[in-house]
Amino acid sequence: MYSSLMVGDLLYRNKGVVGHAGVYLGSDEVLHIQPGGRPVRVPFEQYSNGKFVSVKRQKIDPQGFTKRLADINKSSEVYSLISNNCEHTAYYLSTGNRMSPQLQVALGCGFVGGLLASRGGAGRFATAAGCIGLAALMVSNANRHHDFVVGPKRLQEKGID
């Protein structure tokens, strides 16, 4: 069904203002993590949640990928927005680097924007940081590079992808 996908592809689907990241494992399976849980394998269709999925092709080292997947499967680490969110998990599995570009943009721009607007005190800093961080996240996600997009199953069955 998803013949264009390759093991290790980094996947994103819209989830509100953020992109929800996962990694294609082959055989129609995706590894991802959600708030309150541990990383799980789910069918692609469940991960996509009926939405378009942006795909970023990753060149993977098969041995490293297999080792990291085993490490993730053995780990008891649960979701944490700051240290173990869906991007941290997806990037670690596909590249070996634990990072979250969305979080980096939101926190970095939010902090700088908050400082610039903080003449009115802590309340003003928090409001400005939140608004600027959110705006930066939205701009960053709108400009994220992807190699191709996979349409929902219902559209593929109609020949629309």
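The values are calculated or read from the model by the stated rules, or taken from the named source; none is laboratory data. Remember, predicted model here, so these are calculated numbers, not experimental data. All Cβ positions, glycine included, derive from the backbone under ideal geometry; neighbour counts span all protein chains shown.
Couple of notes before you dig in:
- Output for the range 91-113, where each listed residue is at pLDDT below 80 and of a type in the set (Val, Ile, Thr): Val105, Val112
- When the criteria are applied in full, Gln58 meets the requirement of being at pLDDT below 95 and under 18 Å from Gly8 (Cβ atoms).
- If you check Glu45, Glu87 for being surrounded by 15 or more Cβ atoms within 10 Å (Cβ to Cβ) and out of contact with any Leu (no Cβ under 9 Å at 6 or more places or on another chain), only one passes: Glu45.
- Some residue of the range 7-17 being over 14 Å from Val149 (Cα atoms), in contact with a Lys or Arg (Cβ under 7 Å, 6 or more places away or on another chain) and surrounded by 21 or more Cβ atoms within 10 Å (Cβ to Cβ): no
- Qualifying residue in the range 52-64 (condition: farther than 19 Å from Pro152 by Cα and surrounded by 16 or more Cβ atoms within 10 Å (Cβ to Cβ)): yes
- In the range 23-39, the residue that is surrounded by the most Cβ atoms within 10 Å (Cβ to Cβ) out of those that are more than 14 Å from the chain's Cα centre (by Cα) and at negative phi is Leu25.
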